[in-house]
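Asker: The structure is given below, and queries will be raised subsequently.
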Amino acid sequence: MSQYRVTLIPGDGIGPEVTEATRRVLDASGVCFAWEPRDAGMAAADLHGDVLPEVTLASIRETGVGLKGPITTPIGTGFRSVNVGLRHSLGLYANLRPARTMKGVQSTFDDIDLVVVRENMEDLYAGVEFDAGLPETGEVISFLNERSSRQIAPGAAVSIKMITPEGSRRIVEYAFDYARANGRKKVTAVHKANIMKFSDGLFLRVAQEVAANYPDVEFNDRIVDNMCMQLMQKPDEYDVLVMPNLYGDIISDLVAGMVGGLGVAPSGNIGPDVAVFEPIHGSAPSHAGKNEANPTAMILSGALMLRHLGERTAAARVERAVAEVIADGQRVTYDLRADRDPSKAAGTSDMADAIIERLVGKG
Ligand code: NAD
């Protein structure tokens, strides 16, 4: 049997608890793992003098795959975001966020089964910004004003939206490859090319070119504001959605909200050589150390990792076990209970035990 080396980053806040629950569930899935625990975040800063130490990055480069708990980003301390650092250091250009309604999870929509593929490196997130009032900002504004019929006000702050043909091509190809590999029927490119004719226009043009190479997968496109309305009105018409970074940030949270929120939303960050899987929720510090956080999003991120490793049967078994425990409603964390009564809820580790019992046929 293959053994997979995986870099395990527990993170902080509720991270260590949901990571441990996930490790136990994955170990019970029948797939054999050699876990390589590594630090990131404040704990790593104390130990290694860096929130994202080279030993952690080196381990992910070596194993090719990481499973990561949430990490606190303190506000206003100059502490750089580990999540943005990981993405850029490892070239994790695709953010994969599947969202599916589950019986037992309160949500305003039924039968949602959508996958958001967000470009992770470009767009307004490239970090090319000029603050209002600085001399260099004035130089940038003068330079642009001399070359454009549209004028930027002298006191403006400026953020650059950068979209490349290469970045657009690889994210749209990723979405189509994902659709093919996972039996998905349709890819929708989301953009605002009617207004941003060059940047989003380029993204759309490349998406149309790529789509021509995948005649077996249906393709269409939607303007981002219309996409939001359509998701509210007829979500069943959509399947895989692919888009530049900023729209992806917003739409993936919208879609997560449609299926019941943060506690159940997994994600993967995929690059050409390595991939890192993590829940989309943060470190929820007020729940830390209380064995009460919902481990579902992290366990489903583990299932995404299993799929990425080619262990599809094990992934489906884990997803089914999670769905059954939630549908049963007896051994779930407080946030999955209609009464949200912590005194009647299961703890993080108890919910993991219930999932493991289903996996090994005792539930
Ligand atoms: P958060 O996701 O940590 O918490 C928001 C609320 O959602 C919490 O009050 C909590 O009630 C609930 N919640 C989230 N996850 C839950 C779970 N598994 N079980 C039960 N309830 C859960 O968001 P935040 O409060 O904005 O951020 C806290 C910290 O996490 C910040 O420092 C932020 O930067 C960081 N963060 C990290 C990541 C990451 O590492 N990928 C992602 C988002 C936020």
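The values are calculated or read from the model by the stated rules, or taken from the named source; none is laboratory data. This structure is a prediction, so every number in the text was calculated from the model and none was measured. Ideal geometry is used to build each Cβ from the backbone, glycine not excepted, and the neighbour counts take in all protein chains shown.
Asker: For the subset of region 252-292 comprising residues that are under 12 Å from the mean Cα position of the chain (by Cα) and of a type in the set (Asp, Glu), which member is nearest to the ligand (Cβ to nearest atom)?
Answerer: 278
Asker: Give 241, 304 a once-over and let me know the one that is more than 9 Å from the ligand (Cβ to nearest atom) and more than 12 Å from the chain's Cα centre (by Cα). Steps first, answer last, please.
Answerer: Details: 304 fails: more than 12 Å from the chain's Cα centre (by Cα).
Selected residue: 241, the only one of 241, 304 that is more than 9 Å from the ligand (Cβ to nearest atom) and more than 12 Å from the chain's Cα centre (by Cα).
Asker: Condition test on residue 324, is it more than 13 Å from residue 30 (Cβ to Cβ) and within 26 Å of the chain's Cα centre (by Cα)?
Answerer: Here the answer is yes, as residue 324 does meet what is asked.
Asker: With the requirement that a residue be farther than 19 Å from residue 92 by Cα and of a type outside the set (Asp, Glu), what does region 39-67 give you?
Answerer: Once the filter is applied, which keeps residues that are farther than 19 Å from residue 92 by Cα and of a type outside the set (Asp, Glu), region 39-67 yields 42, 43, 44, 45, 47, 48, 49.
Asker: Out of all the residues in region 324-346, is one or more buried (at least 23 other Cβ atoms within 10 Å of the Cβ) and either assigned by TED's automatic domain parsing to the domain that holds residue 179 or of a type in the set (S, T, N, Q) (or both)?
Answerer: Yes; the residues of region 324-346 include at least one that is buried (at least 23 other Cβ atoms within 10 Å of the Cβ) and either assigned by TED's automatic domain parsing to the domain that holds residue 179 or of a type in the set (S, T, N, Q) (or both).
Asker: Something else about it: Take the residues of region 42-69 that are modelled with pLDDT of 95 or more and assigned to a loop (DSSP other than H, G, I, E, B): which is farthest from the ligand (Cβ to nearest atom)?
Answerer: Once the filter is applied, the top-ranked residue is 64.
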